[in-house]
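Report on the following structure.
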Amino acid sequence: MFALEFPPLGHIVDWPNFIGGPDAWYGINKVVLIYFMSAILTIGIFVLGTRKKALVPTGTQNFVETAVEFVEDQIVMETMGKEGLKYTPYLVSLMFFIFFCNIFEVIPLIQMPATARIALPMFLALLAYVIYHGAGFKEHKLGYFKHALVPPGVPFALLFLVVPIEFISKFLVQPFSHTVRLFANLLAGHILLVTFAVLTSALFTKQWYAIFLPLPAFAIVFFTAFEVLVSFLQAYVFTLLTGVYINAAQSHEH
Amino acid sequence: MLLAHVSVLLAQAAPGVTNKGIAALTYGLGAIGPGIGIGYLVGQSVQAMARQPEAAGMVRTTMFLGIAFVEALALIRFVVFFLGQGN
C-alpha cells in the first residue's frame with residue numbers, strides 16, 4: 001500500500017569518496033569533510049575569542065570564556081578537583097570538537113553526524129585511554145597495576161575473582177563502552193530522523209492516507225530539536241567520563 | 001548463542017519469523033532494564049534536587065554520569081541488534 005522502503009543501513013551512513021578511488025587510503029568523503037570542518041570551527045572559535053583578551057569580554061570572547069568556565073566548574077572540578085586543572089585545554093577542545101561533529105546531524109543539507117561512523121569515537125576513546133593510563137603510570141609508576149586492579153579492603157581469597165574482573169572492565173571494556181556510548185547514540189538519532197523523513201515522503205501522495213502526513217512531519221521537527229539536545233549531552237557525557245577515568249587513574253584516595 | 005536458540009525455537013513454532021524480527025524483539029527485551037534503571041535514577045535525582053536545591057549542581061553531574069553508565073547497556077544491545085541482522 002505504501003511506497004515505503006527503508007534504505008539499508010549502508011545507504012544512510014556510507015558516502016562515496018569524491019577525492020581518490022573507492023579504496024584509496026587518502027580518500028575524502030562527506031564524513032572526512034565534516035571532521036575537517038569541525039576541527040576548523042573549533043580552532044577558529046578559540047582563535048577569534050582569544051585574539052583581543054579584553055578585560056570586559058564581548059561577543060565571541062564572552063562565549064569562549066563561558067564555555068571554558070563551564071568545563072572547569074562542571075567537569076574538571078566536579079570529577080578531578082584542583083589537580084585536574086591541567087587537563088582543561090584537552091577537555092575543552094575535546095568537547096567542542098565532538099559537539100561540532102554531532103551538530104552536523106541537524107544542519108540542513110549536511111545532516112550527517114560524523115560520530116555516527118565508529119572511526120572517530122573509537123579514535124577519541126583510544127586517545128583518552130592512552131591519556132588516562134599514562135596519567136596513572138606517571139602518578140603511581142608500576143604500582144599503578146595494584147592501584148587499578150586491587151580495590152582496597154578485599155579479602156585475599158576474593159582477589160582471584162576480583163582482579164580478573166577489574167582487569168577486563170578497566171583495560172578492555174572501558175574503552176569499548178566509551179566508544180559505543182557516543183557512536184550508538186548518534187547513529188540511533190540519525191536512523192530515527194531518516195525513518196521519519198522516509199515516512200513523510202512516503203505519505204506525500206494523493207491517496208486518502210495522506211491525512212496522516214502531519215504526524216511524521218511533526219515528529220521530524222520534534223526529534224530534530226531533541227537531537228540538538230542529544231548532540232550537546234553526548235559531547236558533555238564523553239568529556240565528563242574522560243575526566244572521571246583520568247581521576248580514577250591518578251587519584252590517591254584509596 | 002541464546003539468540004540462536006530462540007531463533008530455532010521460534011522457527012519451529014512459527015515459520016516466517018526471521019532473524020531480523022527476533023533481533024528487533026530482543027532489542028525490545030534489552031531496553032526494559034535500562035528503561036527502569038534510568039527512570040528510577042532520574043526520579044530519585046529530581047527528588048534529591050527538590051529537597052536540597054543548593055546541592056542541585058552536584059546531583060546533576062552524578063545523575064548524568066549514572067545515566068551514561070546505565071544507558072550503555074541499552075546502546076550495546078542496539079549495536080548487537082545491527083550485528084544480528086547480518087545473518
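The values are calculated or read from the model by the stated rules, or taken from the named source; none is laboratory data. On a predicted model such as this, the values are computed, not experimentally measured, just so you know. In this analysis, Cβ positions are derived from the backbone assuming ideal geometry, glycine residues included, and neighbour counts consider all displayed protein chains.
Pick from region B:38-60 the residues that are of a type in the set (Gly, Ala, Ser) and more than 11 Å from chain A (Cβ to nearest Cβ): which of them is farthest from A:PHE238 (Cα to Cα)?
Looking at the filtered set, the residue picked out is B:ALA50.
Take residues that are closer than 28 Å to A:TYR90 by Cα and tell me which of the helices (runs of 4 or more DSSP H) falling wholly in region A:1-70 contain 2 or more.
A:30-49, A:59-70
Only residues in region B:61-82 that are at the interface with chain A (Cβ under 7 Å from one of its Cβ atoms) count as the first member; pair them with residues that are at pLDDT below 85, Cβ under 7 angstrom, at least 6 apart or cross-chain, and list the lot.
As it stands, the answer is B:PHE78/B:TYR27; B:PHE82/A:LEU9, since those pairs meet every condition given.
Which residues, taken from region A:38-61, are of a type outside the set (Val, Ile, Thr), at pLDDT 90 or above and out of contact with any helix residue (DSSP H, G or I) (no Cβ under 8 Å at 6 or more places or on another chain)?
Passing the criteria: only A:GLY44.
Residue-by-condition table, conditions (1) in contact with a helix residue (DSSP H, G or I) (Cβ under 9 Å, 6 or more places away or on another chain); (2) away from chain B (no Cβ under 14 Å); (3) assigned to a loop (DSSP other than H, G, I, E, B):
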| site | (1), (2), (3) |
| --- | --- |
| A:THR88 | yes, yes, no |
| A:PRO108 | no, yes, yes |
| A:TYR132 | yes, yes, no |
| A:PRO152 | no, yes, yes |
| A:PHE160 | no, yes, no |
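A:THR242 versus (1) in contact (Cβ under 8 Å) with a residue 12 or more places away in the chain; (2) in a helix (DSSP H, G or I); (3) of a type in the set (Ser, Thr, Tyr); (4) loosely packed, with under 15 Cβ neighbours inside 10 Å: which is the lone unmet condition?
Tallying (1) in contact (Cβ under 8 Å) with a residue 12 or more places away in the chain; (2) in a helix (DSSP H, G or I); (3) of a type in the set (Ser, Thr, Tyr); (4) loosely packed, with under 15 Cβ neighbours inside 10 Å, A:THR242 fails exactly one: (4).
Given the condition within 14 Å of chain B (Cβ to nearest Cβ) and touching a helix residue (DSSP H, G or I) at 6+ places or on another chain (Cβ under 8 Å), answer yes or no: does some residue in region A:211-230 qualify?
Yes, the conditions are met somewhere in region A:211-230.
Let me confirm something: among A:TYR87, A:TYR35, which residue is surrounded by 15 or more Cβ atoms within 10 Å (Cβ to Cβ), over 21 Å from A:SER231 (Cα atoms) and hydroxyl-bearing (Ser, Thr, Tyr)?
Selected residue: A:TYR87, the only one of A:TYR87, A:TYR35 that is surrounded by 15 or more Cβ atoms within 10 Å (Cβ to Cβ), over 21 Å from A:SER231 (Cα atoms) and hydroxyl-bearing (Ser, Thr, Tyr).
Can you tell me which residue among B:LEU29, B:LEU41, B:LEU9 is at pLDDT below 80 and hydrophobic (A, V, I, L, M, F, W, C)?
B:LEU9
Mind checking which pairs have a first residue in region A:178-191 that is within 9 Å of chain B (Cβ to nearest Cβ) and a second that is of a type outside the set (Gly, Ala, Ser) and not in a helix (DSSP H, G or I), Cβ under 7 Å, 6 or more apart or different chains?
A:PHE183/A:ILE118
Take B:VAL46 and tell me if it is closer than 24 Å to A:MET77 by Cα and touching a residue at least 12 places away in the same chain (Cβ under 8 Å).
Values: closer than 24 Å to A:MET77 by Cα: yes; touching a residue at least 12 places away in the same chain (Cβ under 8 Å): no.
Considered against the rule, which asks whether it is closer than 24 Å to A:MET77 by Cα and touching a residue at least 12 places away in the same chain (Cβ under 8 Å), B:VAL46 comes out as no.
Given the structure, is A:THR200 assigned to a helix (DSSP H, G or I), buried (at least 17 other Cβ atoms within 10 Å of the Cβ) and either within 14 Å of another protein chain (Cβ to nearest Cβ) or aromatic (Phe, Trp, Tyr) (or both)?
No.
I'd like the full set of residues that are within 14 Å of chain B (Cβ to nearest Cβ) and either surrounded by 17 or more Cβ atoms within 10 Å (Cβ to Cβ) or modelled with pLDDT of 90 or more (or both), limited to region A:62-83.
A:GLU69, A:PHE70, A:VAL71, A:GLU72, A:ASP73, A:GLN74, A:ILE75, A:VAL76, A:MET77, A:GLU78, A:THR79, A:MET80
Can you tell me which of (1) under 23 Å from A:VAL230 (Cα atoms); (2) modelled with pLDDT of 80 or more is the one B:GLU54 doesn't meet?
Among (1) under 23 Å from A:VAL230 (Cα atoms); (2) modelled with pLDDT of 80 or more, B:GLU54 violates only (1).
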